[in-house]
Amino acid sequence: MDRIHVPIDKNFRTTWNRICHERPYAVWSSEHDGGLIYGSTVAIYIDACTLCMKCVDACPTNVFKLSLENEITPLYTKECILCLVCEIACPTDAIHVDRQGGSEETLKSLLGEV
Ligand code: SF4
Ligand code: SF4
């Protein structure tokens with residue numbers, strides 16, 4: 001299966017298993033999918049990530065960091081302002097941000113719509 005074209009499962013927070021890793025962010029797995037998702041509020045489906053770095057460049061608060069394993073991680077999720085720009089920037093739909101408490105006005109502001 002060409003995993004590049006499979007977007008992040010937006011229901012992973014309730015349907016995937018949160019597994020224990022020695023990482024500063026949650027790691028999720030699914031028996032049915034076989035892939036991994038890093039993070040909770042800001043989540044990255046690692047198997048769909050092409051390391052294009054667009055999310056890194058687009059995030060206004062520098063949430064993302066490239067790990068020593070050469071994977072994009074949501075290391076600084078606490079800095080997230082829920083603007084959703086990373087979701088829009090990601091060409092493979094590998095990112096999902098939990099909109100709870102999110103700011104559509106912030107997104108519009110960053111897009112120059114207000
Ligand atoms: S929602 Fe905005 S602030 Fe949060 S990680 Fe994405 S681009 Fe960064
Ligand atoms: S924008 Fe998407 S594909 Fe590109 S590095 Fe970020 S998560 Fe990976």
Span from the region 66-84 Cα centroid across to the region 17-49 one, whole angstrom: 13 Å
Region 1-43 - charge dipole about Cα centre, Lys and Arg +1 at Cβ, Asp and Glu -1, debye rounded to 20: 180 debye
Overall dimensions of region 3-110 by Cα: Rg and Dmax, Å: 13.0, 40
Förster-model FRET efficiency, 25 Å R0, R99 and L68, C-beta, rounded to 0.05: 0.20
Pair T50, H32: separation of 7 Å Cα→Cβ label points (nm): 2.7 nm
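Every read-out reported here was derived from the displayed coordinates using simple, explicitly stated rules and does not represent laboratory data. The structure displayed is predicted, hence computed values, not measured ones. When we count neighbours, we look across all protein chains shown, and the Cβ atoms used for this are built from the backbone with ideal geometry, even at glycine.
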